[in-house]
1. For A:MET256, B:MET238, what's the fewest-to-most ordering of other Cβ within 10 Å of each Cβ?
2. Which order do A:SER164, B:SER92 fall in if you start with the one that has the fewest other Cβ atoms within 10 Å?
3. Once fully extended, how much extra length lies between B:PHE262 and B:TYR145, figured as 0.36 nm per residue of separation less the alpha-carbon to alpha-carbon distance?
4. What stretch of chain B, leaving out the sites themselves, is the longest with no chymotrypsin sites (Phe, Trp or Tyr not before Pro) in a DSSP loop having at most 14 other Cβ atoms within 10 Å?
5. Nearest 5 is fine: what % of DSSP beta bridges in the stretch A:32-145 come out antiparallel, could you say?
6. Tell me the angle of helix A:59-73 to the major Cα principal axis of chain A, expressed in degrees between 0 and 90 and rounded to the nearest ten.
7. Return the aspartates and glutamates within reach of A:LYS57: Cα separation strictly under 12 angstrom, same-chain partners fewer than 8 residues apart disregarded; answer none if there are no such residues.
8. Using the structure shown, select from A:LYS121/A:LYS289; A:LYS163/A:LYS321; A:LYS307/B:LYS109; A:LYS166/A:LYS307 the pairs with a Cα to Cα distance greater than 23 angstrom.
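FYI, it's all coordinate maths here, none of it is from the lab. Here the structure is a predicted model, which means the values were calculated and not measured. Reconstructed Cβ throughout: ideal geometry from the backbone, glycine too, with neighbour counts over all protein chains shown.
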Amino acid sequence: MVNRREFLVGGLSLAAGLAIGGAAVASLKPTEEVVTTPQEKEYLKAGWIYVGPVGDKGWTYAHDLGRKYAEERLDFLETIYIESVQEKDADRYIDELVEEGCDVIFTTSYGYMDATIEAGKRYPDRIFMHCSGFKRSENVGTYFIRMYQPYYLNGLIAGAVTKSNKLGYVAAFPIPEVVRHINAFHLGAREMNPDVETYVVWIYSWFDPDAARSAAETLIGQGIDVLAFTEDTSTVVEVAEENGVFSFGHYTDMSMYGPNAHLSGQIANWGVIYEDVLIRAYTGVWYSKDYWWGFAEGAVDIAPMNKYVPSDVKALVEERKALMAEWTFEPFTGPIYDRDGNLQVPDGERASHDHLWNMMYFLPGIVGELPTT
Amino acid sequence: MFEDIALFLEVSLSAGSVLLLAALGEIVAERSGILNLGVEGMMSTGALAAFYISLMTQNPYLGIIVGGLSGLLLSLAHAFTSVTLKANQILSGLGLAILGIGLSGFFGKPVIGMIAPSLDIIAIPLLSDIPFVGVILFRQDILTYFSLISALVLGYIIYYTKLGLVLRTVGENPEAADYMGINVDLVRYIAIMIGGLFAGLAGAQLSLVHLPTWIENMTAGRGWIALALVIFSLWNPMLAPFASTFFGALSILPYYLQIFGFRVGTGLLATIPYLGTVLSMTLISMSRFRKYLGAPAALARPYIRGEKELYK
């Protein structure tokens, strides 16, 4: 039994804990920051909604670099952002950005898709851009980057550098985007070294450093000497450095987490898309469409290759990169068979936009299950 | 095959050692009759403090010390409410957990994603060359070694010294301890502080070894799992390393099974440690089971001289 005094004092201490802790949490997220206030009247205001903190060094950090890039280049632009917005709260914060007077609003997580479409109906005079989704309307456009292109180039490096012929891949969720990245990486590796196998481990999370660490350590324990990943932390690079194996960064240059391990990596340049959208919005020529930009538009890149990448491989990577920028080379060019032997892309053809966006098969030589739901 | 198993156990041990440190501290506290549910909060604070100091001074060892002390400092709040004010320990502990997570999330905001010097793996010469055992036990970081040694030392103190007898008496029968002239409140204060110190160290291990960075909510429920470990090790520090390694193994099993091609629901497997926690928390809140498992008889019961009858 609990007596009354005990209960009262305990209740008070719980309440105090809740109040202080709760206040700290409340003031913590999501925070809002006004970045600039230009003096001219003729300006355009753009707002961003981020799913993570801008300091995550991954997905949100890359988007924020893009925001800064656009702001630096466009003198008519004022920007504002709200970070760490949970997907269920998206509509509330979109309203807030509209109240703040934003003319263009970027929502940067797949989970904001329906909220963005709904907001488009509520505010027909504003422009909305949703990242990574497929639903569009009169005033809601979509954008994404061809991340598979740098993954392919990183695959070339991995295939050339591996000694055990075993590559590892720490992957967030079995969805077409991630499957496309894994296949592109493996495609590049197989081109350099037909004996390469790529081991895939799913961690079922975008942001779980501990799961990423366990998965990476497990892969290294199986003799894997080059790691790639699609999730939002730098953990895999750190684990690779600790264990003396190689890795690639994702979204931003992660070489500071593993100066030796970090062979290269995939870089996102969201800024060029933001600049294009905002110029169009400012000059009144924006219309709703899907941006899917890659090397050709400068929306993706690879991180600087470190000293462990052989110079002939460096030259090949640079050459392929230049060809992709002119659209004279595309990794997913037929014939492409899946690992069950079915022809997926006929000889000489390039995989179409829809094919790439619905890719749910593995190429031969990829080890691990591909759960389909 | 042997190598695979050794490697699996090595990773399990290191994955479980964060839990081990926190569980050892909680065992000491619970042995004195104090249930401190605030482990998650103290760990979170310890993780941030350790990371912050390591970042500022570039000295991870200083980070360990400050991390431990910050856990200790926070535990004093629980000591004050539960020992001095004789408050309900469950409520006070929950408050502490929320307070610690909130405070560390708030003050940690500026350093999210930064890199601090981390602790290296120390392979002990000669011993680490022993096949199997050497790989598992002697290629770990300093805090894992510390946690294993602590398990032995605390086990010895609790079962074989007068100090341990005093601690156990306070936890089993504070009235008797009081008659014998033992200062019950003082013993409980010290036990809670030891619990806080270890929880802080567990946090330090998390942010300096496990994931050498700071992110919000990085404890991810480990403090609660540590509470379950206390029960699984039957309040015996020497059993705790086995329980923690078992939980560590559970947490990495999904990834191993994927590589070896087992088609199992990995998401489901990952929930096992948490299910175990829920189960054991249910058991410990039923007084009949508590006695059966060998819990300290006065666990979670404030001691007020002369008011014994109120709690029966």
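1. The fewest-first ordering by Cβ neighbours comes to A:MET256, B:MET238.
2. Placing the least packed residue first, the sequence is A:SER164, B:SER92.
3. 38.8 nm
4. B:1-131
5. 20 percent
6. With rounding to tens, the tilt is 80 degrees.
7. Within the straight-line cut-off, A:LYS57 pairs with A:GLU231, A:ASP232, A:ASP253.
8. A:LYS163/A:LYS321; A:LYS307/B:LYS109
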